[in-house]
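Computed from the coordinates by the stated procedures, all read-outs in this text should not be read as laboratory data. As the structure is a computational prediction, the values presented were derived from the model and not from experiment. Cβ sites come from the backbone with ideal geometry, for glycine too, and all protein chains shown count toward neighbours.
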Amino acid sequence: MPAIVGAAMAPASGTGRPLTVSELTAQVRTVLEETMSRCWVIGEIADYTHHGSGHRYLTLKDDSSQLSVVMFRHQGRKLGFTPERGMQIMCYGHISVYERGGRYQFYAEQMQPAGQGELALAFERLKLKLEEEGLFAPERKRPLPRFPRSVGVVTSPTGAAIRDIINVLTRRSPGVQIILRPCRVQGPGAAGEIAAAIADLNRYGAVDILIVGRGGGSPEDLWPFNEEVVARAIYRSEKPVIAAVGHEVDYTIADYVADYRAPTPSAAAEVVVQEHTALLQGVGERRQRLNQAMENLLAAHERRLQDMDPDRLFRRLRDRLQQTSQYVDERRQDLVRSFAWFIRSRRQEWQSSSVRLQTLSPLAHLARGFSLCQRQEDGTVVRSSRQVQPEELVNLRFHQGSATARIEATQHE
């Protein structure tokens, strides 16, 4: 009997010494970690706890299985939404064994909503949270520099966005320096890279403005710009930020936090150089007006030079002399006509006056038998006998001839 018991208690052949629970658990952990690579896991949240330590504990399930998931505090800080029971999510990480509990669990490094409904819900919750914190406040948005000399760009180095930005900036403002901080703009870890790129350009310091964005894509592709880590990086930026994510209809959290939202990367570049473009346009218009003024001035000087040509001057002088001579001839004729008219009018006046004079002259009465009596002493015409004295000499003028007479006597009426 003891032999039988002893045989039963002895280890099986080839197995060596018995393993402790800890040793067996450690071996299982090693096997899992070495054979299972990092992956994405999708499922519905069956249970969720956000511990006071900052760690997040949840259970994912599908129709037939469930999986314990842990996300530690330093990774949970990058989470752009709040997980809730019943939400469909995707987790990225690795499988391992929690040795103290003797169970395997999934260690999540990233987490994001899996469906459109969950994405929209996460978007609205984060938007409301950041709005309440004042990240969207209009008064905190900074004015864009009018003439930036250096533009920092946070985007993929291989995407269409950087090509569009470079094309617009080099065409509209060739002197602007473009500094690209490359990063991923979609997929796991993209949000952290975007936030790090924004911080790097701020530390670099030699940029006047930042363009953060990418071209169009699905909501899942654009999701990194909806994560809280990107929103807070934009908020902390010391340089003004233009968000240019997707197309006109695409709105992200980054658009609300940024100092300016552009519908596309090309439009963002247009905004950066709009003042420069307006300045160049104004300079062009003034240059055109200056050229026109110079052309007008040169044309005026050319006309003056033509006027100063000797042959032209002599021709003009000859023409002027001929015209002057013709003018003198015309004025001479006018003068002759005027003088003839003056003579005729004066003659007519003289004749008229002569007739009136003869009519009024006292000599006209002499022809009718009257005579004119004048004192010889002073020639005074004697109109009354009281003007002469006896023995006084008077001159008598007749129609024909004259006589001297002596007053013999006077009679007064």
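Counting only trypsin sites (Lys or Arg not before Pro) that DSSP places in a loop and that have at most 15 other Cβ atoms within 10 Å, the longest clean stretch of the chain runs over 150-367. For a test of the definition: using alpha carbon positions, the gyration tensor, and the 1.5 limit on a/c, classify segment 156-223 as rounded, prolate or oblate. Oblate shape, in that a/c is at least 1.5 and b/c is the bigger or equal ratio.
Counting every other Cβ atom within 10 Å of each residue's Cβ, D164, D311, D200 order from fewest to most as D311, D200, D164.
What net charge do the residues around S352 carry, taking every other residue with its C-beta under 13 Å from that of S352, with Lys and Arg at +1 and Asp and Glu at -1? Provide the component values of the computation, followed by the final result.
Numbers: positive: R344, R346, R347, R356; negative: E349.
Here the charged neighbours net out to +3.
The alpha-carbon of K239 sits under 16 angstrom from the alpha-carbons of these aspartates and glutamates, leaving out residues fewer than 8 places away in its chain: E139, D200, D208, D255, D259. If you run the Gaussian network model on the chain, springs between alpha carbon atoms under 10 Å, then out of S64, S354, S325 the most flexible one is S354.
log₁₀ I(q)/I(0) of the chain at q = 0.06 Å⁻¹, via Debye over equal Cα point scatterers, no solvent, to two decimals? Reported log10 I(q)/I(0), two decimals: -0.55.
Expressed in nm to one decimal, what extension gain is obtained for the pair L298 and L360 from 0.36 nm per residue of sequence separation less their Cα-Cα distance? Walk me through the numbers before you get to the answer.
Values: separation 62, 0.36 × 62 = 22.32 nm, distance 8.00 nm.
The L298-L360 span can extend by a further 14.3 nm.
In terms of surrounding Cβ atoms within a 10 Å radius of their Cβ, C39, C183, C373 rank from fewest to most as C39, C373, C183. Over segment 364-406, Cα pairs under 8 Å with separation of 6+ residues give a relative contact order of 39 percent.
Taking H301, H50, H247 in turn, the Gaussian network model of the chain (Cα-Cα springs below 10 Å) assigns the largest fluctuation to H301.
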